[in-house]
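A short worksheet on the structure shown next.
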Amino acid sequence: MSILWLIATLLLLHSCAPGVCMHHGIVGGKDSIPHSRPYMVYIRDSVTRKPCGGFLVRENFVMTAAHCNYNHLMVYLGVSNTHHLPVGVAVHPIPHPKFSMSPPGHDIMLLKLETPAALNKTVKTIALPKTENEEISKNCMVMGWGQQDYDKMSPSWVLKEVNVTLLDSKNCGTIDTICTEGYYGPSVGDSGGPLVCGDVVQGIVSYYIHESKNIYRSRYTHIAHYLPWIHQVMKNPNQLQHETWKGKLDKLI
Ligand SMILES: *[C@@H]1O[C@H](CO)[C@@H](O)[C@H](O)[C@H]1NC(C)=O
Ligand SMILES: *[C@@H]1O[C@H](CO)[C@@H](O)[C@H](O)[C@H]1NC(C)=O
């Protein structure tokens, strides 16, 4: 059981299962104006260097995808170009206890910073949705340092962003995800990054499906659906961390 789970994990992270790839880069985007997205966080495994995106939601919490829960996570705040990283901040990962890799589900994680961020012009938080059912603007933007081509290793040193349009929920399928579709969008390396609609972050980059020639459907964790869990974790991270570990052990046994 645990071995199968591990194999599924490796498959999804390193490449693509048939038709499904975990995200890694913005395809078809443009360079963001340096520091114009001050909530954006660069995340990396300090040993394997595997990257993800994330975003600051409180002085002491970064939100990202649960499939970015690598072993040696470090977060970097206020980054524009990943060639010039500031000192990294160590974190305690709190993945959603029901997260699963295959099929991908509940792909959301909070990272509690060991040292809270000092907010300034280049390091700021972004607003979360206020209620589960609030109207979402369909004009959204997604950003990251991931691949600039779906099929080639082509990460970007500078942050890139692209406009995307939300699909109607009836065309997306589940209540815990939201979708965009088209040729442009997030790719490998953009996982965990924010889908920003208006001034609010509504989604977390999770994975994409190659639907047909030039059509890619991207799926994002629907943040509003997880508000009770988010508020509970941020109120009492120590208790939740314990429960998360218990959940993990149950799964491995
Ligand atoms: C803002 O904070 C970041 C991270 O703590 C730091 O690297 C940066 O130098 C600060 N910027 C300013 C303008 O103080
Ligand atoms: C996204 O759309 C806005 C207007 O809605 C525009 O100002 C902006 O330049 C667009 N960004 C990109 C990356 O195309």
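The values are calculated or read from the model by the stated rules, or taken from the named source; none is laboratory data. Given the structure is predicted, the values throughout are model-derived calculations rather than measurements. Every residue, glycine among them, receives a Cβ derived from its backbone with ideal geometry; neighbour counts consider all protein chains shown.
Details
- Every residue from the stretch 98-107 that is in a loop (DSSP other than H, G, I, E, B) and in contact (Cβ under 8 Å) with a residue 40 or more places away in the chain: Lys98, Met101, Ser102, Pro104, His106, Asp107
- Being under 14 Å from the mean Cα position of the chain (by Cα) and at positive phi is a property that holds for Gly192.
- In the stretch 108-129, the residues that are over 12 Å from Phe61 (Cα atoms) and at pLDDT below 95 form no Cβ pair under 9 Å with any partner that is more than 16 Å from ligand 2 (Cβ to nearest atom) and not charged (D, E, K, R), whether six or more places apart or across chains.
- Residue-level analysis places Pro104 outside the set of residues that are closer than 17 Å to His67 by Cβ, within 16 Å of ligand 2 (Cβ to nearest atom) and under 14 Å from the mean Cα position of the chain (by Cα).
- Given (1) farther than 22 Å from Met40 by Cβ; (2) surrounded by 19 or more Cβ atoms within 10 Å (Cβ to Cβ); (3) not aromatic (Phe, Trp, Tyr), number of the condition Glu161 does not satisfy: (1)
- All positions within the stretch 79-100 that are more than 14 Å from the chain's Cα centre (by Cα) and either crowded, with 21+ Cβ neighbours inside 10 Å or under 26 Å from Ser218 (Cα atoms) (or both): Val79, Ser80, Asn81, Thr82, Val91, Pro97, Lys98, Ser100
- Pairs with Cβ under 8 Å, 6+ apart, first in the stretch 81-97 and within 13 Å of ligand 1 (Cβ to nearest atom), second small (Gly, Ala, Ser): Pro86/Gly78; Gly88/Ser46; Val89/Ala117
- Residue match in the stretch 53-76 (condition: outside any strand (DSSP E or B), within 16 Å of ligand 2 (Cβ to nearest atom) and out of contact with any His (no Cβ under 6 Å at 6 or more places or on another chain)): no
- Scanning the stretch 127-141 turns up no residue that is among the charged types (D, E, K, R) and touching a Gly at 6+ places or on another chain (Cβ under 8 Å).
- Subset of the stretch 144-156 (residues that are at pLDDT 95 or above and either in a strand (DSSP E or B) or out of contact with any Gly (no Cβ under 7 Å at 6 or more places or on another chain) (or both)): Gly144
- Single residue of Tyr76, Tyr150 found to be under 16 Å from Phe55 (Cβ atoms) and touching a strand residue (DSSP E or B) at 6+ places or on another chain (Cβ under 7 Å): Tyr76
- Of the residues making up the stretch 130-149, one or more are surrounded by 14 or more Cβ atoms within 10 Å (Cβ to Cβ), within 16 Å of ligand 2 (Cβ to nearest atom), of a type in the set (Phe, Trp, Tyr) and in contact (Cβ under 8 Å) with a residue 24 or more places away in the chain.
- Residue that is nearest to Pro103 (Cα to Cα), among those in the stretch 170-222 that are in contact with a Ser or Thr (Cβ under 6 Å, 6 or more places away or on another chain) and assigned to a loop (DSSP other than H, G, I, E, B): Gly192
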